[in-house]
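Take a look at the structure below.
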Amino acid sequence: MKNNYLNKTFWKSKIVLITGINGFIGGNLAKQLCSYGATIIGITNSGKKNKFLEYEKILNKIKLYKVNIIDKKNIDKLISKHNIQICFHLAAQVDVNVSKVDPYETFETNIKGTYNLLDALSRKKTVKSIVVASSDKAYGEYPISQLPYKEHFDLKPIYPYDVSKAAADMISKSYTTNLFNLPIIITRFANIYGPGQLNFTALIPDCILALLKLKKFTPRSNGKNKRDFLFVRDVCDLYMCLSYNLYKDKNLSGEIFNAGTKQGYSVDNVVKKLCNQTGNQSLYQQIKKEFSNKKTTGEIQHQFMTYEKLKKFFGWFPKYDLDKGLIETYNWYSNFCSKYDYKKFLDRKLKL
Ligand SMILES: NC(=O)c1ccc[n+]([C@@H]2O[C@H](COP(=O)([O-])OP(=O)(O)OC[C@H]3O[C@@H](n4cnc5c(N)ncnc54)[C@H](O)[C@@H]3O)[C@@H](O)[C@H]2O)c1
């Protein structure tokens, strides 16, 4: 595998825009790019200091702007002010539970936010590489016999979050045509987990908080649905790989890349693994009972992805398996929660 993208000389001279920098993946990516010397500009819609960036001691190394991605005037202003060369578009309303009760905000942020940004970037001559985060959810539901998902599968989502990601995905593709010639790669990744995911409605942080005895686990399905889990460090590495390669070769524009580990784990199985790793069998037995009383609604049943295309193009493959990633994740939360009160990060609309 060529590791040319792990190149300080390249990143040191780059001005990189990250939308959604206050979020889970944006924070991890900012941390990684800082260590390579990139100049980072971040967009967030939150006025609060990001605890992950603060905890990882990189807040003062980046330039943060508080702008709502749907605010066209201010997005235009910000982008015209900086000679951005590389952009990662990660900002989105990602909470599936929020999208079920407030689809409007999800559509506004995820769809309008994407064309606001791309429209502004299309007037910027300095931009050579844009990575847009779509999602495995954009595909919608396929029978398990046809899984893992492949890049050529049609997008046929029905639930609000899934539709919003598919719409943003297709809009991005249209900006790569010879009408606009924007250099964009679109990513459709599996579920991502790891240090810094401060959305505690997500399965793994929710279960870890229960293991740390900080709250009760809230089952949101019967535990039988299968998901593929990518570790966030693999994701950051892959984002660097994709943006570097697109920067060097504009013929990659318009390409779509899936990433996952090829393996589907049931939600029940993930909880079991975490409980086993931390020696808490009784919690698993309790959660198992709660799964049996729960119905899954408004969510795709089974999803897992390959990385075949990534391997073929760049020799890329994920370096973390679920067991290794879960141990690192548990240890990170254990340290983080000893410093910060997790309740400060709870969503304003959803009471846990
Ligand atoms: N986490 C996953 O499992 C996963 C999997 C596949 C794809 N993705 C995609 O990756 C991207 C990042 O996901 P994440 O897990 O880091 O989510 P996150 O919620 O942690 O981060 C999203 C960020 O977007 C920002 N944001 C939301 N609305 C905004 C608005 N109106 N204006 C400006 N900023 C706004 C939030 O403040 C937050 O910083 C998303 O596009 C998501 O769809 C995530």
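Laboratory data are not the source of any read-out in this text; all were calculated from the coordinates shown. Remember, predicted model here, so these are calculated numbers, not experimental data. In this analysis, Cβ positions are derived from the backbone assuming ideal geometry, glycine residues included, and neighbour counts consider all displayed protein chains.
Grab the Cα-Cα distance for Lys339 and Lys288, subtract it from 0.36 nm times how many residues apart they are, and report the gain in nm with one decimal.
Values: separation 51, 0.36 × 51 = 18.36 nm, distance 3.04 nm.
In short, 15.3 nm is gained.
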When only Cα pairs under 8 Å and 6 or more residues apart are kept, what is the percent relative contact order across the chain?
-> 18
Under Stokes-Einstein, with the Kirkwood radius over Cα pairs standing in for Rh, what whole-number D in µm²/s applies to the stretch 54-198 at 4 °C and 1.567 mPa s?
-> 79
Mean ellipticity per residue at 222 nm, deg cm²/dmol - from DSSP H runs of n ≥ 4 across the chain, formula -39500 (n - 2.57) | -12000 deg cm²/dmol
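With the cut-off at 21 Å, report for the stretch 122-229 the share of all Cα pairs above it, as a whole percent. All intermediate terms of the calculation are to be shown ahead of the outcome.
Working: 2955 of 5778 pairs.
The answer is 51 percent, as a whole percent.
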How much net charge surrounds Asn280 when only the other residues with a Cβ under 11 Å from the Cβ of Asn280 are counted, with Lys and Arg +1 and Asp and Glu -1?
-> +2
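Report the percentage of all Cα-Cα pairs in the stretch 1-99 whose separation exceeds 24 Å, rounded to a whole percent. Intermediate results must be reported in sequence, preceding the final value.
Working: 1104 of 4851 pairs.
It works out to 23 percent of all Cα pairs.
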What is the antiparallel percent of DSSP beta bridges lying wholly in the chain, to the nearest 5?
-> 5
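Sorted by packing (mean other beta-carbon atoms within 10 Å per residue), highest first, where do 175-181, 185-191, 299-305 land? Provide the component values of the computation, followed by the final result.
Numbers: 175-181: 13.7, 185-191: 23.3, 299-305: 20.1.
Descending packing order for the listed peptides: 185-191, 299-305, 175-181.
Using a/c under 1.5 as the rounded threshold, could you call the stretch 268-318 rounded, prolate or oblate? The axes a ≥ b ≥ c are square roots of the C-alpha gyration tensor eigenvalues, and prolate needs a/b larger than b/c, oblate otherwise. Please list the in-between numbers first.
On the way: a/c = 6.98, a/b = 1.77, b/c = 3.94.
Judged from the Cα gyration tensor, the stretch 268-318 comes out oblate (a/c at least 1.5, b/c at or above a/b).
For a Förster distance of 22 Å, can you work out the FRET efficiency between the beta-carbons of Glu308 and Asn7, rounded to the nearest 0.05? Could the numbers behind the result be given before it?
On the way: r = 25 Å, r/R0 = 1.15.
The formula returns an efficiency of 0.30 here.
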If you build a Gaussian network model of the chain, linking Cα atoms that sit under 10 Å apart, which residue out of Trp11, Trp332, Trp316 swings the most?
-> Trp332
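Could you calculate, for the chain, the ratio of the Cα radius of gyration to the Kirkwood radius, expressed as Rg to Rh? Before the final figure, lay out each step's value.
On the way: Rg = 19.4 Å, Rh = 20.6 Å.
Rg/Rh for the chain comes to 0.94.
Under the rule a/c < 1.5 gives rounded, and otherwise a/b versus b/c splits prolate from oblate, where does the stretch 77-140 land using the Cα gyration tensor? Don't skip to the answer; put the middle values down first.
Working: a/c = 3.14, a/b = 2.02, b/c = 1.55.
Prolate, since a/c reaches 1.5 and a/b exceeds b/c.
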